[in-house]
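These notes concern the structure reproduced below.
The values are calculated or read from the model by the stated rules, or taken from the named source; none is laboratory data. Keep in mind it's a predicted model, so treat the numbers as computed, not measured. Glycine also receives a Cβ, built like all others from the backbone with ideal geometry; neighbour counts cover every protein chain displayed.
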Amino acid sequence: MSRYVDGFVVPVPKSRLDDYRLLAEKAGAVWMEHGALAYCECVADDVKVGEVTSFPRSVQLKDDETVVFAYIVYASREERDRINAAVMADPRLADMDPQNMPFDGKRMFWGGFKPLVTIGDTAG
């Protein structure tokens, strides 16, 4: 069975990390309920600022922020498209106010990926 992965990187103020975690737990439950195979959000632990490029540079990280790297695994691209449409229409996430999010969405980046090499269980 093919898989499909959405990945994203986002800067999160350290003072709002608990708020972000609560949002991620809520969003992750919604994604899983609509059919995602795995949902994972990871906070930077060993992420250095590189001379040319790095996770911190990619989001123009500020001193009071940390980087979150996250991914969602789906059975296929078609399932990803169906699930994301359902998630975006889910009333449990309708109250998300872009002005009060616990991260700077303007510096977030994301994309969909077809796996190239898979070793082990990527479905969580």
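Observations, loosely collected:
- The range 84-112 - residue that is aliphatic (A, V, I, L, M) and either touching a Pro at 6+ places or on another chain (Cβ under 7 Å) or not in a loop (DSSP other than H, G, I, E, B) (or both) and, of those, modelled with the lowest pLDDT: L93
- Some residue of the range 109-116 being closer than 19 Å to R21 by Cα, in contact (Cβ under 8 Å) with a residue 40 or more places away in the chain, surrounded by 15 or more Cβ atoms within 10 Å (Cβ to Cβ) and among the hydrophobic types (A, V, I, L, M, F, W, C): no
- The set of residues in the range 45-87 being polar (S, T, N, Q) and under 12 Å from W31 (Cβ atoms) consists of N84 alone.
- Enumeration of residues in the range 1-38 that are part of a helix (DSSP H, G or I) and of a type in the set (S, T, N, Q): S15
- Test: residue in the range 36-50 that is more than 21 Å from G105 (Cβ to Cβ), surrounded by 14 or more Cβ atoms within 10 Å (Cβ to Cβ), touching a Phe, Trp or Tyr at 6+ places or on another chain (Cβ under 9 Å) and among the hydrophobic types (A, V, I, L, M, F, W, C): yes
- Remark: pairs (first residue in the range 62-78, buried (at least 19 other Cβ atoms within 10 Å of the Cβ); second residue part of a loop (DSSP other than H, G, I, E, B) and of a type in the set (F, W, Y); Cβ separation under 8 Å; 6+ apart in sequence or on different chains) = V68/F103.
Condition check ((1) of a type in the set (F, W, Y); (2) under 28 Å from G120 (Cα atoms); (3) free of Cβ contacts under 8 Å to residues at least 40 places away in the same chain) across all residues:
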{"position": "G7", "(1), (2), (3)": "no, yes, no"}
{"position": "K26", "(1), (2), (3)": "no, yes, no"}
{"position": "H34", "(1), (2), (3)": "no, yes, no"}
{"position": "S54", "(1), (2), (3)": "no, yes, yes"}
{"position": "V87", "(1), (2), (3)": "no, yes, no"}
{"position": "P98", "(1), (2), (3)": "no, no, yes"}
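- Total residues in the range 113-124, condition more than 17 Å from the chain's Cα centre (by Cα) and outside any loop (DSSP other than H, G, I, E, B): 0
- Any hit, the range 42-58, residues being touching a helix residue (DSSP H, G or I) at 6+ places or on another chain (Cβ under 6 Å) and of a type outside the set (G, A, S): yes
- When E65 is tested against (1) over 14 Å from M108 (Cα atoms); (2) more than 13 Å from the chain's Cα centre (by Cα), just one condition goes unmet, and that condition is (1).
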